[in-house]
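Scroll down for the structure; my scribbles are underneath it.
What follows is calculated from the coordinates using simple rules that are stated; it is not laboratory data. Source: prediction; values computed, not measured. Cβ placement follows ideal geometry from the backbone for every residue including glycine, while neighbour counts extend to all protein chains displayed.
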Amino acid sequence: MDLPEGNEAVSISEKFWNASISELKAGYVYEEHDHSGLYVCMVCGEAFEKGVIHKQDNAYYEAEKYAVMHVAQVHGTMFKWLLGLDKKLTGLTDLQKGLLNAFQQSLSDGEAAKELGIGSTSTVRNHRFTLREKVKQAKLFLAVMELAEEKPAGSSPFVSVPRSASMVDERFAITEKENDEILKAYFKQGPHGPLSEFPKKQKRKAAILRQLIKRFETGREYSEKEVNQILSEAFSDYVTLRRYMIDYGLLEREEDGSYYWVKL
């Protein structure tokens, strides 16, 4: 990976591995720093301060748009960059990378077979099936790993699980008593007050996020600014809260981040 040397390299690497799927696809993350925001490229670590206007070819761009342009112009598409990572990181063989590249170009099975010189279209179909199975296996592996890192859940009765939650696993299986204890520990001024800190344990995160989602109205569309405002009233690092609410399936958003809504 094209990362800076020294301690900064570790920092950028952590940003990369802690990023959500949507952030990996975009190639940059947003971070709060001393009352200002930075859009940080996950490939090289270059940062663009929110509110600063950047000029290129007689045109002016706000920071996030410029970060998008930086990733595309300096590093190419994130699809190409991620696909170019070492097999030790992606787990993909050269043939699988070639197939994914062909699929991304919308080549038919026959065209992909000819492009890669691997024989019949049935061979490509078999590989396509294998890759889809790999996606399913990856999802299950993530769930199993997270469960393995958590302690067994308490006994019932359980806190009700939002039907919208896409990551329905042990982190939601907590009793009413456990839920109340978590909320009291982290919302010291009451459930509608600020959050003292955002915990690392998944079960505690889930309890907190379920409480925070109550601050949003079902059926209403929110701009990113509105989402940030609501979450910032709960915690200074509202970007992290927003990301987890999306990852946990509590909030949904448009691909371009133009608006958000409570996921039903």
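Quick look at the values:
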quantity: Positive minus negative residues near Y186 (Lys, Arg vs Asp, Glu; Cβ under 9 Å); calculated: +2
quantity: Amide H contacts under 5 Å for I174, placed H, 5+ residues apart; calculated: V159
quantity: Loop-located GluC sites (Glu not before Pro) in the stretch 198-245 whose Cβ has at most 15 other Cβ within 10 Å (DSSP); calculated: E217, E221, E233
quantity: Cα centroid of the stretch 22-56 to Cα centroid of the stretch 72-96, whole Å; calculated: 21 Å
quantity: Cut-off 9 Å between beta-carbons: net charge of the residues surrounding Y260, Lys and Arg +1, Asp and Glu -1; calculated: -3
quantity: Interchain or long-range residues, amide H under 5 Å from Y259's placed H; calculated: E254
quantity: Relative contact order, percent, the stretch 91-148 [alpha-carbon distance under 8 Å, six or more residues apart]; calculated: 26 percent
quantity: Which listed pairs, of K184/K205; K136/K200; K65/K263; K25/K203, have C-alpha distances above 18 Å, in listed order; calculated: K136/K200; K65/K263; K25/K203
